1. Checking the condition more than 21 Å from A189 (Cα to Cα), assigned by TED's automatic domain parsing to the domain that holds E206 and within 13 Å of ligand 1 (Cβ to nearest atom), which residue from T23, T75, T35 passes?
2. Quick one: T210 ticks every box in (1) hydroxyl-bearing (S, T, Y); (2) in a helix (DSSP H, G or I); (3) surrounded by 14 or more Cβ atoms within 10 Å (Cβ to Cβ) except a single one, so which number is it?
3. Given (1) among the hydrophobic types (A, V, I, L, M, F, W, C); (2) away from ligand 2 (no atom under 16 Å from the Cβ); (3) outside any helix (DSSP H, G or I); (4) in the same structural domain as Q96 (by TED's automatic domain parsing), identify the lone condition not met by W274.
4. Grab the helices (runs of 4 or more DSSP H) fully contained in the stretch 108-202, keeping just those with 1 or more residues being of a type in the set (D, E).
5. Of everything in the stretch 145-202 that's within 21 Å of V237 (Cβ to Cβ) and without any contact (Cβ under 8 Å) to a residue 12 or more places away in the chain, which residue is surrounded by the fewest Cβ atoms within 10 Å (Cβ to Cβ)?
6. Can you pull out every residue in the stretch 78-100 that is more than 16 Å from A189 (Cα to Cα), at pLDDT 95 or above and within 15 Å of ligand 2 (Cβ to nearest atom)?
7. Of the residues that sit in the stretch 18-70 and are on the phi > 0 side of the Ramachandran plot and within 16 Å of ligand 2 (Cβ to nearest atom), which one is modelled with the highest pLDDT?
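The values are calculated or read from the model by the stated rules, or taken from the named source; none is laboratory data. From a predicted model like this one, the values you see are computed outputs, not experimental measurements. Methodologically, a virtual Cβ is constructed for each residue, glycine included, from the backbone with ideal geometry; neighbour enumeration extends over all protein chains shown.
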Amino acid sequence: MILEPLKKMNTVVGIPAYNEENTIASIVLKAKRYTDEVIVVDDGSSDETAELAEEAGAKVIKHGKNKGYGASLRTLILYVRDKKNGPLVIIDADAQHPVNKIPDLLEKILNGEADITIGSRFLNKEDKKDIPMYRRFGIKVLTWLSTNRVVITMPDGSVKKITDGQSGFRAFSRKALEKIDLREPGMGASAEILMEAKSSKLKIQEVPITVSYEGKTSSERPLTHGLGVIGSMIRYVETKHSLLSFGVPGLAAFLLGIYMGIRTVLIYNDIGYWPIGHVFATVLLFFGGMAAGMTGLILHAIINAHRRGYD
Ligand SMILES: Nc1nc2c(ncn2[C@@H]2O[C@H](COP(=O)(O)OP(=O)(O)OP(=O)(O)O)[C@@H](O)[C@H]2O)c(=O)[nH]1
Ligand SMILES: [Mg+2]
């Protein structure tokens, strides 16, 4: 892809960064080969990330305190959406991603094949050989969990599985920027984006990339990172599908409670005293089900009111 047209297309490169003074300037300089608009969200770094990013030619948006990776992506998306710019490429600040693949990520966005492209470490065999074993395993598990029913739709209509649901190297079309509404402040945002894409029917494609793991330790330990992603998925299902996750099991428990209640009365008639286990199960199912059902209804109502802008 030719570079000059990319510059004219209002392409923005966005970099969420937290204490990355060793690498930020070179990422900004390399990104500027593809666009004039490079934005760094400095998330309350205590080092010279912001100063170096600015000196390298980036626009820096500063968070007063550390709000997290997802909160920084939200800041980026809102900023680009507001300016009516885009597409947006996001890339990590720690020099792990190959900046020269930016045109590859943009290509499918610009030709309309995709609304979101993901730089995947798992499309080519050679690309994954440098990823440490335990990380490969972690990424695979999280991808499997977070891409449940989220798929890549090929131009011919066939579908493929997403191979890298955790990659932070992605590009978004203007349409995707309009649709994606991030609520996850932490590392769970990568998974949340995929779930948002699914509910807004955005087209996803992957592009092969090699990621450098040389001398690399995660700033957030892999375990907390993983738990963060799982937590985000639970919260997402809770809020987006409140009726399904609370209401349906609640109603089922409630009905089971009524059935158990009838059985309990019949047994009482038979044996002349209350079967304590049955009584206990009836009360638990009846009231537990009612509470869960009400929670589902209330959550559903609050979320709908929020969507319609009543608050
Ligand atoms: N804005 C913001 N960015 C963060 C935060 N923590 C990490 N980042 C950035 O997010 C990107 C990815 O963070 P990493 O810690 O490298 O996460 P990772 O790439 O999944 O993990 P590794 O495989 O260990 O590199 C980098 O650009 C970091 O600077 C944070 O609290 N806020
Ligand atoms: Mg990294």
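1. Of T23, T75, T35, the one residue that is more than 21 Å from A189 (Cα to Cα), assigned by TED's automatic domain parsing to the domain that holds E206 and within 13 Å of ligand 1 (Cβ to nearest atom) is T23.
2. Condition not satisfied by T210: (2).
3. With respect to (1) among the hydrophobic types (A, V, I, L, M, F, W, C); (2) away from ligand 2 (no atom under 16 Å from the Cβ); (3) outside any helix (DSSP H, G or I); (4) in the same structural domain as Q96 (by TED's automatic domain parsing), W274 is out only on (4).
4. Those helices (runs of 4 or more DSSP H) span 125-128, 174-179, 189-199.
5. Top of the filtered list is K201.
6. Once the filter is applied, which keeps residues that are more than 16 Å from A189 (Cα to Cα), at pLDDT 95 or above and within 15 Å of ligand 2 (Cβ to nearest atom), the stretch 78-100 yields A93, H97, P98, V99.
7. Restricting attention to the stretch 18-70, the residues satisfying the condition of being on the phi > 0 side of the Ramachandran plot are 19, 44, 57, 68.
Okay, now just the ones that are also within 16 Å of ligand 2 (Cβ to nearest atom), so 19, 68.
Details: N19: 97, G68: 94.
Among residues in the stretch 18-70 that are on the phi > 0 side of the Ramachandran plot and within 16 Å of ligand 2 (Cβ to nearest atom), the one modelled with the highest pLDDT is N19.
Residue by residue, here is whether (1) over 31 Å from the mean Cα position of the chain (by Cα); (2) in contact (Cβ under 8 Å) with a residue 40 or more places away in the chain; (3) more than 16 Å from ligand 1 (Cβ to nearest atom) holds:
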| residue | (1), (2), (3) |
| --- | --- |
| G226 | no, yes, no |
| S242 | no, yes, yes |
| S245 | no, yes, yes |
| F254 | yes, no, yes |
| I258 | yes, no, yes |
| W274 | yes, no, yes |
| V279 | yes, no, yes |
